[in-house]
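Participant: Shown below is the structure under consideration.
The values are calculated or read from the model by the stated rules, or taken from the named source; none is laboratory data. Since the model is a prediction, treat every value here as computed from it, not as a measurement. With ideal geometry, Cβ positions are generated from the backbone for all residues, glycine too; neighbour counts draw on all protein chains shown. All accessible areas refer to the heavy atoms of the entire protein, side chains included, with ligands and DNA or RNA removed. Shrake-Rupley method; radii C 1.70, N 1.55, O 1.52, S 1.80 Å.
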Amino acid sequence: MPPDVKYHAVELFGQFMLKHVEELYQHVKVSEEGSDRKEEWQKIQSKLKKQVPLRALSCIQLASKVSSHYKILLLLTLLMLLLLVLLLLLILLLLILTPRMVRKLLLDAGYQYSLSGIVSSELRVLKTMNYHVYCNTAHIHIEILLHLIGSAITSLDLAMLYKVALKLLDVAYLKKAELYERLFFLTTNHTVQSRADCENLASVGRDLQLLAVGVTAAATYVTNNRQSDKITEQLEKLLSIRKEDITDMASTLITLISSRAA
């Protein structure tokens, strides 16, 4: 799966589930009372868990379509030759995750859904997101940062740095809860306890620029330790994020990976 589609789908899924759960909770809160409300919410939670694979694949479908759409526009602008455009459009359409492909993936994972159910799920995501399915991603920020840093420091192996950054970004998403809990403890010297702590943690978790600079700094440390301080200073200037915050995120990510490898 192309990186832009993967990270777009991750962000879209997170935003969709947040809105979807909130809407369902408000519905139960208004329509049910007392013990019936609790029982109904438990049923909905159980159903939500079962639908996670389907919703995730619906988000991948939409992300792949958005990616193909922008590539098509770029190709139309650059090529301007009808024959080549049609050929490239056909190639891009093959990259889109179709309902039949989704159904096969779900069947392979032990879930059985009809084609109409898969299409309905995609529409549910679209409607919940009010048809605004383009998401900003840490991946986009990383690509831009590497381009800018590469222009300033020409000795860097950008291909290797990008490859390592993507692997670190995968870890950051797969271990997101643990990563941000560790970061919270590092910066506050205590665990998440109060509602205010949860809100602060959620706010930091939504900061994609912080995640991007942290991953970029960590990737630099892994691939070119001698220039990591210099690059961290460049990152600080580019995004006006404090060097200490960048270092905290990068060191937390590296520590997390090291603890898993030990």
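Participant: Report the extension gain between Glu244 and Lys176 in nm, rounded to one decimal, defined as 0.36 nm multiplied by the number of residues separating them, less their alpha carbon distance. Write down the numbers at each step before the final one.
Facilitator: Working: separation 68, 0.36 × 68 = 24.48 nm, distance 2.02 nm.
Full-extension gain reported as 22.5 nm.
Participant: If I stretch the segment between Leu48 and Ser151 completely, what's the gain in nm (0.36 nm per residue apart, minus their alpha carbon distance), one decimal? Can you show the working numbers first?
Facilitator: Working: separation 103, 0.36 × 103 = 37.08 nm, distance 4.64 nm.
Between Leu48 and Ser151, full extension yields 32.4 nm more.
Participant: Could you rank the peptides 136-149, 50-63, 104-117 by their average count of other C-beta atoms within 10 Å per residue, with the highest value first?
Facilitator: Values: 136-149: 18.8, 50-63: 20.9, 104-117: 11.9.
Result, highest mean first: 50-63, 136-149, 104-117.
Participant: In whole percent, and with a 1.4 Å probe on the protein chains, what portion of the accessible area of the stretch 123-262 is carbon and sulfur? Kindly include the intermediate steps, with their values, before the conclusion.
Facilitator: Numbers: 4180 of 7860 Å².
The computed percentage sits at 53.
Participant: Per DSSP H run of at least 4 residues, take -39500 (n - 2.57); add these up for the chain, divide by its residues and hand me the 222 nm value, nearest 500 deg cm²/dmol.
Facilitator: The helix-only estimate for the chain comes to -27500 deg cm²/dmol at 222 nm.
Participant: A follow-up question, please. Would you kindly state how much longer the chain becomes between Arg37 and Thr98 on full extension, computed as 0.36 nm times their sequence separation minus their alpha carbon distance, in nm to one decimal? Provide the component values of the computation, followed by the final result.
Facilitator: Working: separation 61, 0.36 × 61 = 21.96 nm, distance 3.74 nm.
Residue separation times 0.36 nm, minus the Cα-Cα distance, leaves 18.2 nm.
Participant: Right, next: With r as the distance between the Cβ atoms of Asp108 and Asn200 and R0 = 41 Å, compute the FRET efficiency 1/(1 + (r/R0)^6) and round to 0.05. Display every interim value, and only then the final one.
Facilitator: Numbers: r = 40 Å, r/R0 = 0.98.
In this case the efficiency is close to 0.50.
Participant: In straight Cα distance, which lysines are under 21 Å from Lys65, not counting same-chain residues fewer than 8 positions off?
Facilitator: Reachable lysines: Lys6, Lys104, Lys127.
Participant: Hey, another quick one. GNM on the chain, C-alpha springs below 10 Å: top fluctuator among Leu238, Leu126, Leu208?
Facilitator: Leu238
Participant: Each label point is 7 Å from the Cα along the Cα-to-Cβ direction; what then is the distance between the points at Ser258 and Thr188, in nm?
Facilitator: That separation, rounded to one decimal, is 2.4 nm.
Participant: Let me ask another. Given points 7 Å out from each Cα along the Cα-Cβ axis, report the Ala159 to Ile144 separation in nanometres with one decimal.
Facilitator: The answer from the label model is 2.6 nm.
Participant: Tell me, what is the per residue accessible area of the stretch 144-190 in Å², probe radius 1.4 Å?
Facilitator: Values: 2700 Å² over 47 residues.
It amounts to 58 Å² per residue over the stretch 144-190.
Participant: Count the lysine pairs in the stretch 154-238 that are 8 or more places apart or on different chains: how many have C-alpha atoms under 25 angstrom apart? Before the final figure, lay out each step's value.
Facilitator: Numbers: Lys163/Lys175; Lys163/Lys176; Lys163/Lys230; Lys163/Lys237; Lys167/Lys175; Lys167/Lys176; Lys167/Lys230; Lys167/Lys237.
So the count of such lysine pairs works out to 8.
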